[in-house]
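Reviewing the structure listed below.
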Amino acid sequence: MAMDSFPEAPSRPPTGAGPDPDAMADPEVGHADLSVDERLRLVQRRIADAAQAAGRSPQAITLVAVSKRFEAERVLAAHRAGLVDFGEVRAQELTPKAAEVGSGVRWHFVGRLQRNKVSDVVGLATLIHSVDRLVLAEAIDRRARELSRVQRVLLQVNVADDPAKAGVSEDDALAMIERIRQLRGVACEGLMTIPAFDTDPRPAFARLRRLRDQARSRFPEIQHLSMGMTRDLEAAVAEGATIVRVGEGVFGPRRADSP
Ligand SMILES: *Cc1c(COP(=O)(O)O)cnc(C)c1O
């Protein structure tokens, strides 16, 4: 279906019964009644428009749909609509959901990974975005070598030095990459960040990109920039994201009370 023929979101009849819940929703998340199919096309159009504005090819950007707290059925709907890459943040949720969804999709692990969950994730995840400490990289390495695999990972960097966020500091990133490179079971292919929630994300994305460029000049395999979520994917694409991680934009509003 051509992007141009994408339908407008249906308008909602006035209810007169208190505030319209959608009026309070994030504009990027959009109307609660849209199908996954329609949402996916809206997100793909946002990525394509941002790429075009930045003079980049939309093909250079992989959309990972972060399905945390959404049922496997939604993942299957997005998969039927053509999406292949999905992300989860908890091993306890990834394992059963991956079993339910079955083959044909790629799983990305984007959340904080505990060492005792490494064996559930290594091998199942095509890419672990959230390596943030050497002991974790070492645990991934051991498990990957047990499975005779090389686990692809990204190094999570806390560019905003936000105490609430995981990730190595910018100052430590190059030394960390150098040490991870010595692990035969791990291939570090780039950087990931989650910007502070309450500030303009673009400077943080720009810093991650500069750090990636600096790292890549020494270690050519450091290519990826995993950055940008539902609310800030345009800024991330403008700053060179190669992977955006979008949850609500694809799947709709996440229920606050869902597990
Ligand atoms: C939840 C999550 C996302 C997606 O967030 P949305 O706001 O739903 O797009 C991306 N990255 C990480 C690490 C997340 O935990």
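The values are calculated or read from the model by the stated rules, or taken from the named source; none is laboratory data. Predicted, not measured: the structure shown is a model, and the values here were computed from it. Heads up, the Cβs are rebuilt from the backbone with ideal geometry, glycines too, and the neighbour counts pull from every protein chain shown. Just the protein is used for accessible areas: all its heavy atoms, side chains included, with ligands, DNA and RNA removed. Shrake-Rupley method; radii C 1.70, N 1.55, O 1.52, S 1.80 Å.
Worth pointing out:
- Within the accessible area of the range 166-222 (1.4 Å probe), percent carbon and sulfur: 46 percent
- Pairwise label distance in nanometres, Leu147 with Arg231, each label 7 Å out on the Cα-Cβ vector: 3.4 nm
- Euclidean distance between Cα centres, the range 69-131 to the range 189-237, Å: 22 Å
- Taking amide H as placed 1.01 Å from N in the peptide plane, Gln151 has its amide H under 5 Å from the amide H of Val186, Ala187, each at least 5 places away in sequence or on another chain.
- What the Cβ-Cβ distance of Gln182 and Asp161 gives, at R0 = 25 Å and to the nearest 0.05, is a FRET efficiency of 0.40.
- Computed from point charges on the beta carbon alone (+1 for Lys and Arg, -1 for Asp and Glu), the dipole magnitude for the range 30-143 about its Cα centre is near 240 Debye.
- Debye-sum result for the chain in log10 I(q)/I(0), which assumes one identical scatterer on each alpha carbon, at q = 0.11, 0.12, 0.15 Å⁻¹: -0.61, -0.72, -1.11
- Our estimate of slack between Leu124 and Arg45, defined as 0.36 nm per intervening residue step minus the Cα-Cα distance, is 25.5 nm.
- Dipole in debye (nearest 20) - the chain, about Cα centre, beta carbon charges: Lys, Arg +1; Asp, Glu -1: 1020 debye
- In Hz, Karplus ³J(HN,Hα) per residue of the range 127-143 (6.51, -1.76, 1.60; θ = phi - 60°; x = Gly, Pro): 8, 9, 7, 10, 6, 10, 7, 5, 4, 5, 4, 5, 5, 4, 4, 4, 5
- Charge-dipole axis of the range 82-198 as Lys and Arg at +1 and Asp and Glu at -1 on Cβ define it, positive-most pick from Phe86, Leu183, Ala164: Leu183
- Surface exposure of the range 133-182, expressed per residue as accessible area with a 1.4 Å probe, stands at 52 Å².
- Neighbours of Gly240, meaning other residues whose beta-carbon lies under 11 angstrom from its beta-carbon, give a summed charge of +2 when Lys and Arg score +1 and Asp and Glu score -1.
- Segment Arg202-Arg112, length gained on full extension (0.36 nm per residue, minus Cα span): 30.1 nm
- Once the Cα-Cα distance is subtracted from the 0.36 nm per residue extended length, the Ala53 to Phe219 segment shows a gain of 56.8 nm.
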